[in-house]
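Rule-based calculations on the coordinates, nothing more; no lab input. On a predicted model such as this, the values are computed, not experimentally measured, just so you know. Backbone-built Cβ (ideal geometry, glycine too); neighbour counts: all protein chains shown.
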Amino acid sequence: MKIIAGTALTTLAVLFSGAIAFAAPTYLSCEFAGSQVFNFALDESKGTFGVYVPASGSERSAEGTFANGKASLNEGSVAWEIDLAKNTIIRDKRMVGEKDNGTCKSITAAESGFEE
């Protein structure tokens, strides 16, 4: 009985901690070859996917898709897919038919460059 109760408690703790983790936005800085950097604000609870370009100060946000540990955004000419478990990103430059990959790291809201 103690083993079952302990397993149930562990399962609840994992489920509860996952719910808390998704409640707050996740901020990432992702770098592509050539030192091109993009920052992202991912808010699964609101369904939003924000993109900030530090080099230009450009900021935009749109409705994103969150499923299976990935966040994605289709902006028409460019689509983004971030694998949150692997900290990797794929940028699909649809207008020119090219895809490239990058790596991501967690950053704070203050470091992200997004206006609050």
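Label positions at Glu59 and Ile90, each projected 7 Å from the Cα along the C-beta direction, are separated by 3.0 nm.
Is the shape of the range 60-104 rounded, prolate or oblate, going by the alpha carbon gyration tensor and its root eigenvalues a ≥ b ≥ c, with a/c under 1.5 for rounded and a/b larger than b/c for prolate? In terms of gyration-tensor shape, oblate.
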